[in-house]
1. For a quick check of your reading of the model, give me the residue pairs whose first member lies in the stretch B:577-591 and is part of a helix (DSSP H, G or I), whose second is small (Gly, Ala, Ser) and open to solvent by less than 20 Å² (accessible area, probe 1.4 Å), with beta-carbon atoms closer than 8 Å and at least 6 apart or on different chains.
2. Tell me yes or no: at least one residue of the stretch B:588-601 is surrounded by 21 or more Cβ atoms within 10 Å (Cβ to Cβ), at positive phi and in the same structural domain as residue B:146 (by TED's automatic domain parsing).
3. Among the helices (runs of 4 or more DSSP H) lying completely within the stretch B:444-551, list those that include at least 3 residues that are of a type in the set (D, E, K, R).
4. When you go through B:777, B:732, B:706, B:699 one by one, which is the residue that is open to solvent by less than 10 Å² (accessible area, probe 1.4 Å), more than 27 Å from residue A:104 (Cα to Cα) and either outside the structural domain of residue B:491 (by TED's automatic domain parsing) or not β-branched (Val, Ile, Thr) (or both)?
5. Taking only pairs six or more apart or across chains, which ones have beta-carbon atoms under 7 Å, a first residue in the stretch B:415-427 that is closer than 11 Å to residue B:163 by Cβ, and a second residue that is assigned to a strand (DSSP E or B) and of a type in the set (A, V, I, L, M, F, W, C)?
6. Just one of the numbered conditions (1) open to solvent by less than 50 Å² (accessible area, probe 1.4 Å); (2) in the same structural domain as residue B:156 (by TED's automatic domain parsing); (3) assigned to a helix (DSSP H, G or I) is not true of residue B:564; which one?
7. Is one or more of the residues making up the stretch B:173-187 without any contact (Cβ under 8 Å) to a residue 60 or more places away in the chain and under 30 Å from residue B:747 (Cα atoms)?
8. Can you go through B:275, B:211 and tell me which one is touching a residue at least 24 places away in the same chain (Cβ under 8 Å) and in contact with a helix residue (DSSP H, G or I) (Cβ under 6 Å, 6 or more places away or on another chain)?
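The values are calculated or read from the model by the stated rules, or taken from the named source; none is laboratory data. These numbers were taken from a predicted model, which means no experiment stands behind them. Glycine also receives a Cβ, built like all others from the backbone with ideal geometry; neighbour counts cover every protein chain displayed. Heads up: the accessible areas ignore ligands, DNA and RNA and are worked out on the full protein's heavy atoms, side chains in. Shrake-Rupley method; radii C 1.70, N 1.55, O 1.52, S 1.80 Å.
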Amino acid sequence: MKWLASLAIAALAACGEAPADSRKLAVPGREGALKSSAAVRATRRLFDGAPPVIPHPPLGAACTQCHNALGMDVPELGFAPPSPHEDTPGMSALSRCNQCHVHAFDEGEFVASTFVGLAQDLRRGERLYDGAPPVMPHGTAMRENCTACHDGPAAREELRCSHPERVRCEQCHVAQREDSSFVRL
Amino acid sequence: MAPLDRRTLFKALGIGAGCVAFSELDRTEAATLEAAAGAPGLPVESWDKAPCRFCGTGCGVEVGTRDGKVVAVRGDEQSPVNKGLLCVKGYHLPAILYGADRLQHPQLRQPDGTLKRISWDDALDLIASKYREALDQRGPDSVAVYGSGQWTVFDGYAALKWVKGGMRSNHLDPNARLCMASAVTGFMAQFQSDEPMGCYEDLELADDVVLWGANMAEMHPVLFSRILESKRRRPTVRLIDIGTRRTPSSDYADLYVEFRPGSDLALANGILHLLVKQGKLAQSFIDKNCVFKRGEEDLAKIGYGCSGEQAERYTFNDTPRDSSLDEFKAFLEDYTPQRVSEISGVPVQQIELLASIYGDNKRKTLSLWCMGVNQHVRGTWMNNLITDLHLVTGKICRPGDNPFSLTGQPSACGTVREVGTLANRLPADMVVTNPEHRAKAEKLWKLPAGTIPDKPGHHAVDMFRAFQRGELACLWIQTTNPWVSLPNLHRFERKPGDGRFLIVSDVYPTPTTDQADLILPSAMWVEREGVFGNSERRTQQWNKLVEPPGEAREDAWQIVEVARRMGMGHLFPWEGDWHEAMFEEYRSFTLGIGKDLASYAQLKTTRGLLWPVVDGKETRYRYAGGHDPYVAKGRDVHFYKAKGYGERAAIWLRPYHPPAEEPDAEYPLWLCTGRVLEHWHTGSMTRRVRQLHQAVPRAYVELNRADALELGVKSGDLVRLRSRRGALELEARVDGRGKPPRGSVFVPFFDESRLVNELTLDAMDSISKEPDYKKCAVRLERVEQRS
């Protein structure tokens with residue numbers, strides 16, 4: 001975890017955002033300290049799989065101060081979800097959060113768009129039989145830290161895991177690739 | 001995500017009306033919201049590979065399609081470039097196809113200024129007749145095509161063959177002249193072959209990564225991630241940022257070196273001076289592999305291309321002559337650390353530190369540079385000096401030890417530099433001024449000897465100056481937006497009824513289509529088949545995945561159809577789908593000379609390959625024994641392309657020259673322009689993505705806190721920036737993401753409503769003719785206080 005701390009420090013030094021920004025936000029966020037839900041999640045992405053926009057104004061601190069491995073309860077703001085990238089191999093550079101996540105200020109549109117993105121796939125992971133562990137209904141690239149979405153106060157209720165103490169999730173829950181059908185040659 | 005009406009959503013959330021928390025919503029409202037969020041999504045029908053549409057990094061993406069539309073992308077984990085990661089622009093790629101104002105039909109400007117929809121047949125006949133008329137009445141000097149580093153290889157090759165082989169004109173130049181021409185002339189001057197010897201693997205193998213005028217954290221984010229990851233894994237890795245403004249990249253640097261604009265020339269010579277004095281030259285490497293060269297150094301003869309006669313036509317040609325190691329040492333005598341420090345403002349200690357980095361042969365050094373070096377009135381010289389640092393120390397052509405030029409457009413390398421869509425070039429390193437090169441092109445194109453003219457055409461800025469003078473009757477612009485991106489824009493304002501015919505092919509309305517007499521709708525990215533070549537010599541192919549909107553067609557098709565209507569169908573003899581046939585014809589230029597491209601069939605099945613590709617195998621390190629099959633047996637390094645230098649690389653003696661314009665009492669501030677992470681180039685694509693637009697909705701001016709205090713300006717204040725060429729009102733930012741030093745300001749150029757290029761100076765590099773967008777003088781005036 002030592003490197004993590006150093007990254008947090010680097011990110012703190014690097015954040016450099018203007019601390020006071022009075023612009024309105026375009027997505028529900030800070031004002032409501034929203035409870036997680038699929039609907040709220042949908043409002044924060046261009047399509048399912050796109051990095052979410054930042055639903056709070058720049059706070060003048062490093063993102064990883066609150067969005068760390070465990071997440072953090074932030075007074076008046078609600079619970080900052082943990083980063084799903086904590087365990088992403090080779091992705092420490094994600095301490096540069098603004099490379100992928102932008103603030104969503106209510107600036108309207110430059111030009112309207114007709115884009116309709118991929119909607120969330122709310123189907124649950126299949127089970128071979130009742131009682132079998134469900135397979136992962138999604139890929140794991142960039143979200144290796146399962147607990148970010150499946151445990152803790154920020155996790156959506158329907159996604160919450162009943163046994164977070166069993167740390168090695170992939171021991172029982174496996175990701176599915178689209179091209180995984182077995183054909184004997 | 002289903003389209004969610006924001007008003008409905010906000011109403012449901014109570015935002016703006018008392019900020020009711022979602023948790024307090026009643027069930028009905030929650031259900032409304034749930035419904036608005038869309039039904040459970042159907043999976044995509046197909047994920048297919050493509051390179052990203054934006055920068056020169058060339059990240060691999062997988063494009064998700066359903067019902068004939070792009071609905072998602074994801075980082076391609078199989079791509080060796082980005083290994084699954086993208087940046088915010090890449091993740092938002094799908095929406096660039098679906099702006100509501102996509103151009104869908106050819107439109108002809110009417111005498112009253114309005115646009116009228118016409119058919120493709122009428123549009124193509126009209127273009128053919130206009131070009132034919134110009135050629136018949138005024139000759140090949142009256143026609144031109146202005147292309148792009150975003151052109152696919154097909155578009156560039158079709159344009160090159162049509163303009164140079166069909167119309168017998170060399171007036172073909174791309175917007176890449178504005179972004180990396182200095183790197184081309186730099187590499188050509190030193191290796192007689194363009195493009196870097198190394199590849200992105202150098203990012204992980206280097207011990208010291210030195211950025212010269214490159215804000216990679218914003219402009220090449222995924223490559224910057226690779227550097228940061230390397231630093232994390234090996235804490236001994238150091239990042240050195242040499243620049244004129246603190247950027248998000250500087251924040252991660254172990255050493256930030258700030259120099260006065262333009263004085264990087266002195267700084268690089270100061271490092272060379274110390275390497276000589278400290279006995280750090282790799283003598284046996286130099287003896288075996290290098291020659292010394294020197295060019296014209298008289299400022300009065302060279303100029304800057306922006307004043308006197310040069311302000312109309314800038315045609316300076318360098319006059320190289322042989323030099324020697326002794327002359328090199330004598331030349332560097334002047335660049336003592338003390339003198340360099342006086343010129344550059346860099347402390348002596350930092351100059352010594354930089355010399356110790358380049359001079360340490362136990363640590364591998366990677367130099368990376370981009371627009372700060374290329375958009376420079378002595379950009380070619382600066383390219384030469386950075387590469388000199390590697391040549392004199394022998395830190396070149398070894399994994400992790402290389403000079404590496406970054407590019408800003410997805411196919412600046414693949415199309416502009418390799419196909420050769422520049423006014424003086426032909427495919428695969430060939431130039432129009434060389435009779436053997438012209439003969440080779442004429443033979444491969446089955447054209448009579450003497451078809452291709454030997455005089456280089458107009459470079460980009462001169463092309464628009466010639467258009468303004470009325471010398472060009474016909475100009476066709478594809479895939480670029482010069483009425484936002486050219487320097488000193490006021491020069492190029494068109495007058496109605498000027499008798500010239502301007503055609504613009506693009507995907508959205510822009511200030512450039514506003515100038516056009518005929519607008520053509522282009523198919524973009526995965527709406528057509530294509531090939532791009534990225535910064536590391538990787539050629540990447542993709543298939544057409546969705547239909548373009550309306551009647552939009554790919555640029556290459558537009559050119560081929562016009563050529564056919566002009567009686568030049570013999571240039572494009574293929575029937576049906578000509579993509580593979582055209583690529584294989586182009587590929588024949590590259591084979592057997594160390595520029596070998598992979599076959600189209602191989603490109604279709606891979607995540608791109610680094611040329612030269614020989615026997616189906618790519619080359620990660622050019623000129624390097626054990627890597628490059630063209631290197632002579634037993635040689636560690638072999639600059640086999642530099643036939644004119646005895647197969648050696650040239651170390652150039654290049655002096656310091658001051659910038660074309662410097663701050664004075666009347667205009668006391670430096671103006672630097674550039675991009676931001678969220679927007680790409682002139683913003684015509686990224687501004688149509690709500691998330692990106694909202695993140696940075698308009699251009700602003702960044703200024704230093706001390707200057708702001710002195711001027712009485714606060715963040716958010718409206719200020720007026722004025723240069724000798726124009727004025728612009730902008731919102732002030734103090735201590736934003738970038739921090740310009742005292743006496744300088746920065747403005748991004750993406751905003752078509754706030755054109756910073758109305759202020760910039762059209763001074764150019766003497767050899768590459770690339771404009772210097774990084775240095776001119778402005779003053780800042782307060783307009784009104786923030787309310």
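1. What qualifies is B:582/B:158; B:582/B:556.
2. Looking through the stretch B:588-601, none of the residues is surrounded by 21 or more Cβ atoms within 10 Å (Cβ to Cβ), at positive phi and in the same structural domain as residue B:146 (by TED's automatic domain parsing).
3. Of the helices (runs of 4 or more DSSP H) lying wholly inside the stretch B:444-551, those with at least 3 residues that are of a type in the set (D, E, K, R) span B:460-469.
4. Only one candidate qualifies: B:777.
5. Matching pairs, first to second residue: B:421/B:172; B:423/B:172.
6. (1)
7. So far as the stretch B:173-187 goes, no, none of its residues is without any contact (Cβ under 8 Å) to a residue 60 or more places away in the chain and under 30 Å from residue B:747 (Cα atoms).
8. On the way: B:211 fails: in contact with a helix residue (DSSP H, G or I) (Cβ under 6 Å, 6 or more places away or on another chain).
Exactly one of B:275, B:211 is touching a residue at least 24 places away in the same chain (Cβ under 8 Å) and in contact with a helix residue (DSSP H, G or I) (Cβ under 6 Å, 6 or more places away or on another chain), namely B:275.
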